[in-house]
1. Return the pair list, or none, for Cβ contacts closer than 6 Å from residues in the stretch 132-146 that are in a loop (DSSP other than H, G, I, E, B) to residues that are among the hydrophobic types (A, V, I, L, M, F, W, C), at least 6 apart or on different chains.
2. For the condition of a type outside the set (Asp, Glu) and in contact with a Phe, Trp or Tyr (Cβ under 6 Å, 6 or more places away or on another chain), what is the one hit in 242, 248?
3. What are the residues in the stretch 166-196 that are more than 25 Å from residue 259 (Cα to Cα) and among the aliphatic types (A, V, I, L, M), if any?
4. Going through 210, 165 one at a time, which residue ends up being more than 23 Å from residue 55 (Cα to Cα), touching an Asp or Glu at 6+ places or on another chain (Cβ under 7 Å), surrounded by fewer than 21 Cβ atoms within 10 Å (Cβ to Cβ) and aliphatic (A, V, I, L, M)?
5. Report yes if some residue within the stretch 67-84 is in contact with a strand residue (DSSP E or B) (Cβ under 7 Å, 6 or more places away or on another chain), at pLDDT 95 or above, in a loop (DSSP other than H, G, I, E, B) and within 18 Å of residue 117 (Cβ to Cβ); otherwise report no.
6. Among the residues of the stretch 107-121, is any in a helix (DSSP H, G or I), under 26 Å from residue 23 (Cβ atoms) and either touching a residue at least 60 places away in the same chain (Cβ under 8 Å) or not β-branched (Val, Ile, Thr) (or both)?
7. State whether one or more residues within the stretch 58-70 are surrounded by 16 or more Cβ atoms within 10 Å (Cβ to Cβ) and closer than 30 Å to residue 205 by Cα.
Amino acid sequence: MTAATGRESPAVSVIAVFNQKGGVGKTTTTFNLAAALARAGRKPVAIDLDPQAHLSLAMGVKGVPGSQSIFAYFESGKPLETLVREVPPGIRLIPASLDLSKIDALYGADQGITKRLQGGLEEAGWGSTMPVVMDCSPMLGVLTLNALMAAERVLIPLSADYLSLQGVHRIATALDVLERKTGKKFFRRIVVSRYDARRKLSFQIYRELLETYPGIVCETRIHESVALAESPMHGRDIFEFAPSSQGAADFRSLVRELDGVGFFTG
């Protein structure tokens with residue numbers, strides 16, 4: 001698995017949170033990563049690129065029509081700035097809508113479609129001035145390819161189970177192919193989520209990741225947590241919902257670790 005080092009990564013901060021397997025904590029990671037950045041005064045932009053709109057729901061934004069979601073940018077070129085909603089604790093959210101499920105059918109044959117989001121971010125001036133965190137669809141289609149083409153950083157949440165371990169190999173292969181075709185390098189990090197220290201399997205999965213992908217597996221692990229599971233139901237990030245919980249401590253640690261290798265600022 002090819003990986004750029006933190007110090008060699010370009011000085012941008014557009015992050016795609018991606019995994020092709022569901023149930024690995026992708027949206028939870030995006031939500032709380034953005035919340036931690038907001039609480040640090042970094043004014044992040046969070047973009048929900050999943051038709052299920054789970055990130056939007058977790059942030060308390062429901063029933064968004066296509067004309068007010070990221071779909072409107074792809075469908076009619078509506079400027080990204082006009083789609084932003086400010087949500088606590090200072091996150092600038094561009095929500096998703098069910099209309100996103102139409103994107104592949106509408107634009108899959110368009111050769112230039114994969115760079116459309118990159119152009120919109122550059123036009124808005126985001127990325128170089130503030131972090132952009134994107135919750136990707138689990139499908140490697142038009143939406144996810146847009147996120148990957150716009151991003152220089154890819155964060156891969158991976159639950160501590162056998163099937164997720166097998167899935168990360170496919171993700172690694174897909175990113176390697178994109179790197180060869182585009183000439184860009186993805187600054188990658190893998191973070192293990194839903195980690196249960198009481199289970200031997202969790203440790204075995206983590207150890208195998210360290211051996212297979214040296215240098216890009218986060219030391220921080222996000223432990224299985226009731227508070228992390230419950231907080232999106234209340235539209236609150238883990239730092240507001242349960243500030244003294246293991247989940248809050250884990251995400252604080254993750255942000256410090258990623259910050260230390262230049263994941264947010266290059």
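The values are calculated or read from the model by the stated rules, or taken from the named source; none is laboratory data. This structure is a prediction, so every number in the text was calculated from the model and none was measured. Cβ placement follows ideal geometry from the backbone for every residue including glycine, while neighbour counts extend to all protein chains displayed.
1. These pairs meet every condition: 137/49; 137/143.
2. Exactly one of 242, 248 is of a type outside the set (Asp, Glu) and in contact with a Phe, Trp or Tyr (Cβ under 6 Å, 6 or more places away or on another chain), namely 248.
3. Answer for the stretch 166-196, where residues must be more than 25 Å from residue 259 (Cα to Cα) and among the aliphatic types (A, V, I, L, M): 174, 177, 178.
4. That would be 165, the only listed residue that is more than 23 Å from residue 55 (Cα to Cα), touching an Asp or Glu at 6+ places or on another chain (Cβ under 7 Å), surrounded by fewer than 21 Cβ atoms within 10 Å (Cβ to Cβ) and aliphatic (A, V, I, L, M).
5. Checking the stretch 67-84: at least one residue is in contact with a strand residue (DSSP E or B) (Cβ under 7 Å, 6 or more places away or on another chain), at pLDDT 95 or above, in a loop (DSSP other than H, G, I, E, B) and within 18 Å of residue 117 (Cβ to Cβ).
6. Among the residues of the stretch 107-121, at least one is in a helix (DSSP H, G or I), under 26 Å from residue 23 (Cβ atoms) and either touching a residue at least 60 places away in the same chain (Cβ under 8 Å) or not β-branched (Val, Ile, Thr) (or both), which makes the answer yes.
7. Taking every residue of the stretch 58-70 in turn, at least one turns out to be surrounded by 16 or more Cβ atoms within 10 Å (Cβ to Cβ) and closer than 30 Å to residue 205 by Cα.
The rows are residues; the columns are (1) closer than 29 Å to residue 56 by Cβ; (2) in a helix (DSSP H, G or I); (3) under 18 Å from the mean Cα position of the chain (by Cα).
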position	(1), (2), (3)
155	yes, no, yes
158	yes, no, yes
164	yes, yes, yes
173	no, yes, no
177	no, yes, no
214	no, no, no
